[in-house]
Structure formats: C-alpha cells, structure tokens
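Presented below is the structure to which this report refers.
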Amino acid sequence: MKILKIVRSYGIIIAMALLMAVNYHVLILQNSFAPAGLNGIAAMIQYALHFSVGYMSLLINVPLCLIAFFVVDRDFALKTLAFTLAFSGFLLLFQYSGILEPFVYATGNSKVLAPLAAGVVNGFIYGWVLRENGSTGGTDVVAAMVREKKPEFDIVWIIFAMNCAVAGASYFVYGNNLEPVLLCILYSFLTSRVSESMMRGRKRQVRVDIVTRDYEALCREIIEKLGHSATVLPARGGYSGEDTDLVICVINPHQLAKLKGIISHYPASFCTVTTVGETVGNFKRIS
C-alpha cells in the first residue's frame, strides 16, 4: 500500500507538470506577459533572449531542489525535482515538436483571456502539487528554505515582493508597456485564489454549538444520521438562570442542512454555526 501511495503521488505530480507545460506553451509564453515568481523571470528571458523557459527552469530549480534536500525535507525536494524535470521535458517537447499550437491574440481579441485561463489552471496545479507535499519550484522552494531557517519571517510578504519585482520588470521587457504589468497581477491573483480555495476547501469544516435540554436524544440522532459524535458541556442560561447543556459538533459543510433538520425536532434548542479552517486529530466518521 505504501508503494502504491508513492506511485500515485508521483503520478499526480507528473500529470500536473504536463498540464503546466501545456499552460505555459499554449497560454503564457506567446502572449507577452510574465507569470509570477522565478518562472516569470524565465519567461521574460525567453521573450528577450529566446532562451527557453524549459532550460531556465532546470538551471534555477535543480540547484534549489538539491539545497532543499538537505535543508528542508527530502520528500518535498524529490517531488519538486520530479515536477521540475517533467515540466521542463514536456515544455521543450512542445516547443521543438510543434505538437501543440499556442493561443496567440488575434487583432481585436481581449488580451485578458489568456491570463484569466492561465491563472485559473495554474492555481489548480499549484493546489494539487502542494497536497502531495511538493511544489512547482522557484519561489515556493525559496519560501520553504526561509521558513525552515527563519520561521518568524512572514513568507507571504517575501513572495509578494518577488512578484512585484517581476511585474515591475515586465514593464521594461515588454516594450515599456503597462499592460503586461496588469496582466501579471491578474494572473498572480487568480493563481493564489484558486490554489488557496483548493487547499482550504478540503480542510474546511463547520462547527455547530447547540444549546439544548435534550442533549441525549440530539446526540443520538447526530451519531446515527451524520456519522459524527459531539461533545456535551454543562451550561446555564444568562437570562433564566436555568441549567441547560451545550452540544458542540464539527461536521462536513454538506451535512449542515441535515443537522438543521435534526435540530428542528427539538423546539427548545437553538444553535450557532461557525466555519472551521482546519481540524487536527481524529475527525473520522463513526461507522
């Protein structure tokens, strides 16, 4: 089973590297804007000097992965290296074989379409690779190394500063034009939003605090119908001064409607609902 998990994980990483190579070849490199991070620098070098991003990615990321292997985490470094090798290989294949035709703006077409699509696709890729304890290379590896040595540093601001530098440099690389700067910002925003949604979407749960006098029957229904247990605390009404109970239950978001139906069977009960960013520990369904 462990070998199958490893094979599956690397298979996902290679598939995401293939998708990212398609994304760069079809939507990014021929449309005069730079993506974020170190790959944005590589894209500008290809535009100005005709030196392929595929080669630049290897030159940048292979040394970073070797350092990360000893400084950060071996599994993270190996998966990032696998992504880098696969991405560069696929991208060079597309560039030299002509298998795929790039999407290039025609006269009158909106230049926003390519960054919009590329940002969404890259955010999807980024989220999946992070789930497998890897990265797409570049600033992610730098951030991981800084976090390992200086955990008090705010990595978000370091990456933000690097992306601002890329966006600013693109003004001069692409003909003293403000449009590539705006496209880079749009791409970066969409990438971060989509990847963040993917990372948090599977961890987000719902916490329900139920004030009730029928905790035994209520907990029994929660366990039987939702497959989750609950924690019961003694409570006292602030106005009435009467003893009651507080039932705390953490469930999956899609179960909220069913829980509301359960609570409706107990007219003297009411609840508050809050979103939980992540649950740590035992959060298994009860069989």
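Filtered by the rule that a residue be modelled with pLDDT of 85 or more and of a type in the set (Lys, Arg), region 159-218 gives Arg207, Arg213. Residues in region 32-60 that are at pLDDT 85 or above, in a loop (DSSP other than H, G, I, E, B) and either more than 16 Å from Val22 (Cβ to Cβ) or outside the structural domain of Leu92 (by TED's automatic domain parsing) (or both): His50, Phe51. Condition check: touching a residue at least 24 places away in the same chain (Cβ under 8 Å) and either outside the structural domain of Asn163 (by TED's automatic domain parsing) or aliphatic (A, V, I, L, M) (or both). Does Leu19 satisfy that? It is true that Leu19 is touching a residue at least 24 places away in the same chain (Cβ under 8 Å) and either outside the structural domain of Asn163 (by TED's automatic domain parsing) or aliphatic (A, V, I, L, M) (or both).
Starting from residues that are among the hydroxyl-bearing types (Ser, Thr, Tyr) and closer than 23 Å to Pro180 by Cα, keep the ones in region 109-139 and report whichever is modelled with the lowest pLDDT. Checked region 109-139; the qualifying residue modelled with the lowest pLDDT is Ser110. Note on region 46-76: residues that are in contact (Cβ under 8 Å) with a residue 24 or more places away in the chain and aliphatic (A, V, I, L, M) amount to 9.
Would you confirm whether any residue within region 211-219 is in contact with a Phe, Trp or Tyr (Cβ under 6 Å, 6 or more places away or on another chain), acidic (Asp, Glu) and without any contact (Cβ under 8 Å) to a residue 60 or more places away in the chain? Yes: one or more hits.
Restricting attention to region 1-51, the residues that are crowded, with 23+ Cβ neighbours inside 10 Å and among the hydroxyl-bearing types (Ser, Thr, Tyr) add up to 1.
Quick one: is Phe83 touching a Phe, Trp or Tyr at 6+ places or on another chain (Cβ under 9 Å), modelled with pLDDT of 90 or more and not in a loop (DSSP other than H, G, I, E, B)? Criteria not met by Phe83.
The values are calculated or read from the model by the stated rules, or taken from the named source; none is laboratory data. From a predicted model like this one, the values you see are computed outputs, not experimental measurements. Backbone-built Cβ (ideal geometry, glycine too); neighbour counts: all protein chains shown.
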